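I have placed the structure first, in the form of structure tokens, so that the comments after it can refer back to it.
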Amino acid sequence: MSISDILPECVIHKILSNLNFREATRMSILSKIWLRAWFTHPNVTITFGNPDHVKSVDYMMERYRDSKIHIENFKFLKTFDSYSDLNELYEKWLEIALDNGVKEVEYGQFEQICKSSPYTFPIFRVLAVKSLRQLVLSNCHLSLLLPTTTTTTSHLRKLVLFQVTLDDKMLQTLLTSCPLIVDFTMEYCSGFTKIEVCKLQYIKSAYIRILSTERVYIQTAPTLECLTYMGVIRKSPMLETFKCKNLKSLTLACHSLSDGYLEHLLSTCQFLESLMLYDVLGRYNICGSQSLKYLKVVCSKEASIDEIDVPNLTRLEYIGDDQIPLLKLANGSMKNSILIVRGSHNLDYAWFDDKLRKFLSKSTSWSEVSLDLSRCNEINMTTDQLHRSNPQVQVQVDILNLTLSRDHCPAILDTLLCSCRPSRLNIWATVEMLTCSIDQLMKEDSSKPWRSQLKQVKAYRYDWVRECLMPEELTSGELAKRSLNKTDKILCLLDW
């Protein structure tokens, strides 16, 4: 008897129930006890890539039916379309799972199969099962025209639709039939013109990603806490929300904002704590929210934020070009905040001192600041301009990431070190630029105390063959030139 056989059968069942179907199948070879436990595994996953497996799967499902073995989770993925009766067999197996108290059902097929041989999923037969709590569908059709269609009130808690085709009436009937939904996801679906999430009294999370110009109405959802909406870029706003007073997290992506849209949205969500904006077009301000604590903004070139005035913000992640917004905060520290700026124009000392430093100075500490200046045409500044800096403004940055081109002047390093006071500086630049920069930092200057405080310098070259960073030798602060060209890109780590 092996050590694995000493375990009580109930423990073996528990172990197998926490494994997926394939992993549990491997465990079944340990002994007859494990094989017997696998025969009653509650999670059934069927992936069809070979028609020869049909008989063995059919035998397995009949065993579940005849022995009345409980099925917790039933997943089916169709990866081929060469077996004419597969849909009929699937519905037979699905019926067995429904009769055996299934809680989670998942159906999917490859997109190309769906186009050549669309399958209409028996949605209302599944929803009629009281034990069902989760339904995940991808690449199939839903229709009210099925012969067995009878609407009923489902006990479903989670509904996920991915690349599903359905019309407006079908969608509204589906949502009306599932009043207990807590989690709703709809992504890349087609065939409808609008989504109306209304009178779902228990919904807490909604994730909606549209394909075209479908309108989305979130109405009378007092329990909704998390909303993610991904629209179509350069289209007018397709999202309308009403009476979502308890919304705590909002994510908008690829969305064009009309004047006052965001301000109105923030004013109606009094408990909003997290706001994430990805490629949201338009000119807008983020102001007035007293509850907002986390803000992430990823700006495209066609977006412009003039002002961020959020008094109680504790974490900010801003990724955009060199048009840095005006930042107003009541909180003095945003320790976990990140700023990533992609410079694309001619920059001068005024930009670094007036815009960048003023933005950073609103928080006494930042986790990470990244400046990609590789696309800047020119950086105009002199070393003498450092003395004009305001010594009263103290900023502490844990990590400063800097990407330079070979034409940038060395004075930029002293400017950034004076402005940010980083604990670590990571520079990604050419060998020529790095050598010049390190030489500059090695020269002692009483007016630049950060130079004498430098503790350690390391250099790495990215090895494209091994796909990893390889350490490079530093001799007296200079890079060894034996295997490097002047235009090779090097990552240099400087610690203070």
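Laboratory data are not the source of any read-out in this text; all were calculated from the coordinates shown. Computed from a predicted structure; not experimentally measured. Ideal geometry is used to build each Cβ from the backbone, glycine not excepted, and the neighbour counts take in all protein chains shown.
A few notes on this one:
- Each peptide in 65-76, 305-316 was scored by the mean count of other Cβ atoms within 10 Å over its residues; highest first, the order is 305-316, 65-76.
- Projecting label points 7 angstrom from Cα along Cα→Cβ for Y207 and M470 puts them 4.0 nm apart.
- Were the residues from R215 through Q290 laid out at 0.36 nm apart, the gain over their Cα-Cα distance would be 24.1 nm.
- Label sites at E240 and R424, each approximated as a point 7 angstrom past Cα along Cα to Cβ, lie 5.0 nm apart.
- When Rg and the Kirkwood Rh are both derived from Cα coordinates, the Rg/Rh ratio for the range 192-303 amounts to 0.93.
- Segment V136-V298, length gained on full extension (0.36 nm per residue, minus Cα span): 55.3 nm
- Available extension along the chain between L454 and V182 is 92.5 nm, counting 0.36 nm per residue and deducting the alpha carbon span.
- The distance between label points at L77 and D52 comes to 2.1 nm (points 7 Å beyond Cα on the Cα→Cβ vector).
- Note on D99/S446: beta-carbon distance plugged into 1/(1 + (r/R0)^6) with R0 of 56 Å gives a FRET efficiency of 0.10.
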